[in-house]
1. Using the structure shown, decide if Ala116 is without any contact (Cβ under 8 Å) to a residue 60 or more places away in the chain, crowded, with 24+ Cβ neighbours inside 10 Å and closer than 25 Å to Asn212 by Cα.
2. Name the residue, out of Glu77, Glu87, Glu66, Glu94, that is of a type in the set (D, E, K, R), surrounded by fewer than 19 Cβ atoms within 10 Å (Cβ to Cβ) and either closer than 20 Å to Arg170 by Cβ or not assigned by TED's automatic domain parsing to the domain that holds Phe43 (or both).
3. Which residue, of Pro207, Pro229, Pro174, Pro160, is more than 16 Å from the ligand (Cβ to nearest atom), in contact (Cβ under 8 Å) with a residue 24 or more places away in the chain and in a loop (DSSP other than H, G, I, E, B)?
4. Give the residue, chosen from Pro369, Pro357, that is closer than 17 Å to Asp40 by Cα and at pLDDT 95 or above.
5. For segment 144-152, check the following and say yes or no: at least one residue is touching a residue at least 12 places away in the same chain (Cβ under 8 Å), outside any strand (DSSP E or B) and not basic (Lys, Arg).
6. Which of the strands (runs of 3 or more DSSP E) found entirely inside segment 298-402 contain at least 3 residues meeting this: more than 15 Å from the ligand (Cβ to nearest atom) and of a type in the set (A, V, I, L, M)?
7. Quick one: would you say Pro186 is crowded, with 23+ Cβ neighbours inside 10 Å, within 15 Å of the ligand (Cβ to nearest atom) and assigned by TED's automatic domain parsing to the domain that holds Asn92?
8. If we scan segment 242-256, do we find a residue that is within 30 Å of Leu192 (Cβ to Cβ), within 16 Å of the ligand (Cβ to nearest atom) and of a type in the set (Lys, Arg)?
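The values are calculated or read from the model by the stated rules, or taken from the named source; none is laboratory data. This structure is a prediction, so every number in the text was calculated from the model and none was measured. Positions of Cβ are generated from backbone atoms using ideal geometry, with glycine treated the same way; all protein chains shown enter the neighbour counts.
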Amino acid sequence: MSSQRLDISPEGGAVSILINNEWRAAAGGGAIPVYAPSDDGQFAQIARGGAAEVDGAVAAAREAFERGDWGRLTATERGRLLMKVGELIQANAEELAQLESRDTGKPLSQGRADMAAAARYFEYYGAAADKVHGETIPFLEGYTVMALREPFGVTAHIIPWNYPAQMFGRSLAPSLAMGNATVIKPAEEACLLPLRIADLAIEAGLPAGAINVVTGLGEEAGAPLAAHPGIDFLAFTGSPEVGTLVQQATARNHVGCVLELGGKSPQIVFEDADFDAVLPVVQKAIVQNAGQTCSAGSRVLVQESVYDEFVGRLKEAFSGLVTASHDADANCGPLVSRDQQQRVQRMLTAAEADGIPVISRGGIAEGTPASGYYVAPTLLGPVPRDHTIAREEVFGPVLCAIPFRDEADAVELANSTDYGLVAGIWTRDGARQMRMARKVRAGQVFINGYGAGGGIELPFGGMKKSGHGREKGFEALREFSVVKTIVLNHG
Ligand code: NAD
């Protein structure tokens with residue numbers, strides 16, 4: 001069954017697979033219901049694609065890259081098309097934000113911020129498309145050597161459900177800017193925005209096969225994409241467990257990958273920090289998107305001498321937090337799925353059973369549907385350093401407060417998890433700022449601030465189990481391209 005139009009209505013034909021700029025249903029007609037996290041009501045459905053659709057999508061991307069209109073465009077022409085996608089996202093921002101908010105449960109204002117960021121990815125990489133220069137290399141007498149930056153060919157993208165619109169832009173825009181053709185498998189829990197933006201890309205004039213989308217379950221659509229011999233590079237964001245699986249799959253075809261696998265990022269508060277500046281940022285960095293942010297500041301490490309004072313103020317701030325449905329636009333919305341809600345609740349129950357004190361808990365607004373996937377923001381502490389909840393990613397609105405003695409102890413504690421994604425350092429001592437920044441193992445370090453993943457221009461990625469490779473900024477253009485060295489012997 002095939003159609004020209006995207007159809008995600010609950011009574012429609014689940015037409016959400018995009019191949020060659022044609023929307024179609026899954027070959028077997030399978031569908032996956034889409035529920036609103038705020039009340040557990042079904043409001044859409046997507047196609048349950050599998051290996052056959054992945055084959056078709058990879059073949060379309062290969063054709064677009066090697067023989068199609070996409071592969072013939074100049075870098076400037078590609079850039080213009082990407083910027084047009086950014087413009088269309090902005091022109092439709094309110095409607096898109098409403099849909100993203102409903103699909104993921106995130107408060108509407110976060111949905112709006114996500115649209116601005118998604119548009120910015122296309123704008124930034126569109127503008128950068130014709131500014132990636134290669135190099136010439138001094139060599140032997142009579143030779144000229146060029147190192148060109150070329151696209152891989154077909155890149156595959158597997159993205160999570162926490163920021164579907166932003167992740168679509170973050171992963172696809174730099175790859176397209178470099179001239180690759182792409183196949184994306186969005187997350188089954190929340191993928192309506194990738195579908196809408198792909199539709200806008202067609203409207204912007206992206207040629208057939210430049211963007212192909214296969215909706216479906218991880219094992220049925222994601223696994224065959226990662227293992228496909230027709231892809232040349234893969235970008236994955238999600239859990240460390242699935243990250244291992246996709247890396248094994250790409251390794252079998254000797255295909256490279258960039259992996260972004262989350263974190264347990266510390267906010268390190270020294271006794272000389274400006275608490276008025278720290279408090280709102282620390283709070284937002286764990287409450288934003290209900291803590292479902294890979295760069296969430298999920299550990300607040302506080303110097304012993306000010307622990308009681310700082311945590312006392314944080315307690316107050318947490319108890320004023322309100323959780324409510326996405327359209328109420330409160331501090332916190334529901335989690336993305338029942339599974340995620342139960343996982344977070346299990347971790348909280350285990351921590352409390354082990355005697356970890358709950359310092360403070362936000363409230364759930366009156367009238368909030370009991371059927372939604374809510375977890376109130378929770379501040380725990382002091383959390384023992386070796387406890388699971390101090391070391392593993394919760395991916396919910398749960399902040400662990402942990403005291404430290406001095407600078408050396410702060411470094412040891414900050415680096416004591418398997419992750420290394422982002423860190424925040426709060427101190428007025430300039431020398432200490434730099435010593436700490438150099439010693440903390442994280443892909444991004446903020447001093448007296450915290451980006452919570454923001455900053456399209458800033459290279460982003462992990463150390464240790466947070467993954468490898470870099471997205472965002474110009475680094476992403478290097479990541480989604482390959483160097484070809486041409487040696488000319490002209491005598
Ligand atoms: P996940 O790793 O299972 O899913 C991420 C993406 O991978 C989705 O598109 C999914 O369909 C796909 N996928 C799943 N199984 C696959 C397979 N075998 N082969 C190929 N692709 C597959 O993540 P999740 O289950 O949605 O969340 C679990 C945990 O992962 C969360 O609680 C959180 O800790 C972490 N997470 C991290 C991020 C992040 O941004 N780093 C995002 C989402 C989830």
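1. Against the criterion (without any contact (Cβ under 8 Å) to a residue 60 or more places away in the chain, crowded, with 24+ Cβ neighbours inside 10 Å and closer than 25 Å to Asn212 by Cα), Ala116 does not qualify.
2. Among Glu77, Glu87, Glu66, Glu94, only Glu87 is of a type in the set (D, E, K, R), surrounded by fewer than 19 Cβ atoms within 10 Å (Cβ to Cβ) and either closer than 20 Å to Arg170 by Cβ or not assigned by TED's automatic domain parsing to the domain that holds Phe43 (or both).
3. It is Pro207.
4. The match here is Pro369.
5. The answer is yes, given that some residue of segment 144-152 is touching a residue at least 12 places away in the same chain (Cβ under 8 Å), outside any strand (DSSP E or B) and not basic (Lys, Arg).
6. 299-303
7. Yes, satisfied.
8. Scanning segment 242-256 turns up no residue that is within 30 Å of Leu192 (Cβ to Cβ), within 16 Å of the ligand (Cβ to nearest atom) and of a type in the set (Lys, Arg).
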